[in-house]
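Colleague: My structure is below; once you've seen it, I'll send some questions.
The values are calculated or read from the model by the stated rules, or taken from the named source; none is laboratory data. Since we're looking at a predicted model, the values are computed, not measured. So basically every Cβ, Gly included, is an ideal-geometry build from the backbone, and we count neighbours across all protein chains shown.
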């Protein structure tokens, strides 16, 4: 996605968030979320869900929080709720993108591809879906579709963050003696450590999280855990 489009989209959704949900638990949940304290964020957001509040942004952040602590089933449940209640097509595309990404983390690559296709059909600014779909096809050892998806990504993002690495990986894939058995690690080795570890951030509508490191997942101090029940 182009930076300009990201900023416009983030700003529009950020503005709407504070007009729609001013509940103290929601505000507290967002603050925990910004600080990568995802267990605490879940505690705050769940209070609103338990109170019967149905809001696409609430379910979205709750789903993302579950994903960051690697509870992928709950993440999918909440993100699918967000998808059901949203009335904003562009926001729906982000939800579908994140559903696809969580399925990728669950290694359900066919569903990951399906949801990324749905996301792109709504929002053609989501060029990163071709990177993810290529990775999904690669994990399924589908060489032809991996090449097709990554070449499409390069068409849309010739100067993208991973574009140079994708070009190197494609050169390996297209070599005459390529085989998944001997060359998988060589292909993956062309990508950054973040990509190899499958910790590319989910789309975050406020852009507050930047990069999530493995040690950030579920980070919360012992004394703060009691806040979840308060």
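Colleague: Which one of these is surrounded by 15 or more Cβ atoms within 10 Å (Cβ to Cβ) and modelled with pLDDT of 95 or more: 67, 75? Let's see the steps before the verdict.
Modeller: Working: 67 fails: modelled with pLDDT of 95 or more.
None of the others qualify; the one that does is 75.
Colleague: Here are some residues: 163, 175. Which one is exposed (fewer than 14 other Cβ atoms within 10 Å of the Cβ) and modelled with pLDDT of 55 or more?
Modeller: Values: 163 fails: exposed (fewer than 14 other Cβ atoms within 10 Å of the Cβ).
Exactly one of 163, 175 is exposed (fewer than 14 other Cβ atoms within 10 Å of the Cβ) and modelled with pLDDT of 55 or more, namely 175.
Colleague: Do any helices (runs of 4 or more DSSP H) lying entirely in region 39-145 carry at least 2 residues that are without any contact (Cβ under 8 Å) to a residue 12 or more places away in the chain and more than 30 Å from residue 185 (Cβ to Cβ), and which ones are they?
Modeller: The helices (runs of 4 or more DSSP H) meeting that bar are 72-85.
Colleague: What about residue 194, is it surrounded by fewer than 17 Cβ atoms within 10 Å (Cβ to Cβ), modelled with pLDDT under 90 and either part of a helix (DSSP H, G or I) or in contact with a helix residue (DSSP H, G or I) (Cβ under 8 Å, 6 or more places away or on another chain) (or both)? Don't jump to the end; show me each part of the working.
Modeller: On the way: surrounded by fewer than 17 Cβ atoms within 10 Å (Cβ to Cβ): yes; modelled with pLDDT under 90: yes; either part of a helix (DSSP H, G or I) or in contact with a helix residue (DSSP H, G or I) (Cβ under 8 Å, 6 or more places away or on another chain) (or both): yes.
Yes.
Colleague: From the list 226, 185, 155, which residue is surrounded by fewer than 16 Cβ atoms within 10 Å (Cβ to Cβ), at pLDDT 90 or above, at negative phi and out of contact with any helix residue (DSSP H, G or I) (no Cβ under 8 Å at 6 or more places or on another chain)? Steps first, please.
Modeller: On the way: 226 fails: at pLDDT 90 or above; 185 fails: at pLDDT 90 or above.
Exactly one of 226, 185, 155 is surrounded by fewer than 16 Cβ atoms within 10 Å (Cβ to Cβ), at pLDDT 90 or above, at negative phi and out of contact with any helix residue (DSSP H, G or I) (no Cβ under 8 Å at 6 or more places or on another chain), namely 155.
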